[in-house]
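Structure record follows, encoded as structure tokens.
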Amino acid sequence: MLQNQPEKEEMDANMILKSTKVSEVIQNKRRLVEVPYTASVADTLNALLANNILAVPVAAPPGQWIGAGGSMILESDKLTGSVRKQYIGMVSMLDILLHVAECGPGTDIEANLMSVPVSAIIGRSLEGLSLWSINPDTSSRLQAENVFYKNVGHEGEVMDVMEPFSKGIHRALVPLESHMDHVGLELKESSPGYRMLTQMDIAQFFKLHSNELQSITTSSVGQLGAVNKGAFAVPAGMQVRNVVKWMRNASLNAVAIVDGSPDAEKGPMLMISQGRRLVGTFSATDLRGCPPRMLQTWLSLPVLEFVEKLSEAEKFTHSSAAAAALTSASPGSRPLVTCLMTSSLEEVISKVVDYHIHRIWVVDKEGLLIGLVSLTDILRAVHSKIVALEASDITG
């Protein structure tokens, strides 16, 4: 019997996600960027900036550390199998931002960043408490000591890796080859090399295969339930130092900046973003654009002014589509990347990839905030839709 067009499109979406190997997604990715456990926080910040990345694994001599979440992820010599190093954790821009927030008002931040070893700030953020690896050698999903191992690996399917990513895992190490051993209650993994797989890699894959995914991505973000309406915001006049402290307390990676100043009676605090006018975004990744020598001064700036200063610096460093948008924007401003509830998922995916951003604010026709769509929301929407289609095929 001939298939109708919707059924064919649904099969195309299912097929591309289940036939494409993780190795195909990471095949053009460079060798893993890492920092030694003895590197300073400033060295780590410079490595993130130089490589235009948001997180790096921290390497140490084997057998001397307990990895984040109790993990034992090792790199071994390909010929001899002897272990060369152990990855003891992942440090992201958010970890560094939270470390800065803990510095007292009189702290020389530049000197602090140069003297504190990166190993001392592992686990500042909630995600940093775990080191995630996607492994091909386990026969079933296993979660032990906060380390997620799934039957994926570089020869696994894109659909498999979407499940943990749709639950908020932002990045994971993928072994090029892998050997697994149980050491007591711990699972020890060794490989001659790793690549980093991120949520953005999957979003780029979605855009590349937009034709095959049309049965899902032509639906609106509202229809797919991809809009998070519980987003938080801060007033434009709040000091950066206070914004960072609230982000730390609420375990947030980013907040919307909205019109207004902190309430004189209540003091600086987060607010629900719904119904407020968006004027900017502040995220942990913004710290990359701030010279360490300027942190001491810039942390006292109103958050919107801080973001505007960074946008000026970015115009001289970016070469992507985002840079073109920044250059065309008015002086001292960043473009506000937004969508509507009726915007298609395909449009939203294109925006996050083209601007290389991790969330898009959802506004109404008057420009007032409704919520946001993050990379996690995008992956969850696609994964849920595929699972629902499979369930309907079984029952129908």
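The values are calculated or read from the model by the stated rules, or taken from the named source; none is laboratory data. Predicted model, so just to flag it, every value in this text is computed and none were measured. As a convention, Cβ positions derive from the backbone with ideal geometry for all residues, glycine included, and neighbour counts pool all protein chains shown. Side chains included, ligands, DNA and RNA excluded: accessible areas come from the protein's heavy atoms. Shrake-Rupley method; radii C 1.70, N 1.55, O 1.52, S 1.80 Å.
Name the residue that is least open to solvent (accessible area, probe 1.4 Å), counting only residues in the range 34-52 that are part of a loop (DSSP other than H, G, I, E, B) and in contact (Cβ under 8 Å) with a residue 24 or more places away in the chain. Walk me through how you get there before you give the answer.
Pass one, the range 34-52, residues part of a loop (DSSP other than H, G, I, E, B): 34, 37-39, 52.
Applying the additional criterion that residues be in contact (Cβ under 8 Å) with a residue 24 or more places away in the chain yields 34, 37-39.
On the way: E34: 58, Y37: 68, T38: 92, A39: 10 Å².
Only one residue tops the list, namely A39.
Mind telling me which of the residues L94, L79, L113 ends up being in a loop (DSSP other than H, G, I, E, B) and either surrounded by 21 or more Cβ atoms within 10 Å (Cβ to Cβ) or at pLDDT below 80 (or both)?
L79
Collect the residues in the range 347-356 that are in contact (Cβ under 8 Å) with a residue 24 or more places away in the chain and surrounded by fewer than 20 Cβ atoms within 10 Å (Cβ to Cβ), keeping them in residue-number order.
Going through the range 347-356, the residues in contact (Cβ under 8 Å) with a residue 24 or more places away in the chain turn out to be 348-350, 352-356.
Hits for the range 347-356 are S350, V353, D354, Y355, H356.
In the range 357-387, what residues are of a type in the set (D, E) and surrounded by fewer than 17 Cβ atoms within 10 Å (Cβ to Cβ)?
D364, E366
Has the range 366-388 got at least one residue that is more than 23 Å from G275 (Cα to Cα) and without any contact (Cβ under 8 Å) to a residue 12 or more places away in the chain?
yes
What is the number of the single condition among (1) at pLDDT below 75; (2) closer than 19 Å to V116 by Cβ; (3) charged (D, E, K, R) that E10 does not meet?
Here E10 meets the rest and fails (2).
I'm trying to understand the selection: among the residues of the range 234-261, which are more than 19 Å from E308 (Cα to Cα) and either touching a Pro at 6+ places or on another chain (Cβ under 8 Å) or surrounded by fewer than 17 Cβ atoms within 10 Å (Cβ to Cβ) (or both)?
K245, W246, N249, A250, S251
Yes or no: A231 buried (at least 21 other Cβ atoms within 10 Å of the Cβ), modelled with pLDDT of 95 or more and either closer than 26 Å to H383 by Cα or of a type in the set (V, I, T) (or both)?
Working: buried (at least 21 other Cβ atoms within 10 Å of the Cβ): yes; modelled with pLDDT of 95 or more: no; either closer than 26 Å to H383 by Cα or of a type in the set (V, I, T) (or both): yes.
Here the answer is no, as A231 does not meet what is asked.
State whether the residues of the range 302-311 include one that is at pLDDT below 80 and not in a loop (DSSP other than H, G, I, E, B).
Initially, the range 302-311 is screened for residues at pLDDT below 80, giving 310-311.
Next cut, not in a loop (DSSP other than H, G, I, E, B) only: 310-311.
Checked the range 302-311: at least one residue is at pLDDT below 80 and not in a loop (DSSP other than H, G, I, E, B).
Filter the range 192-230 down to the residues that are within 16 Å of L375 (Cα to Cα) and of a type in the set (V, I, T) and list them by number.
T198, I202, I216, T217, V221, V227
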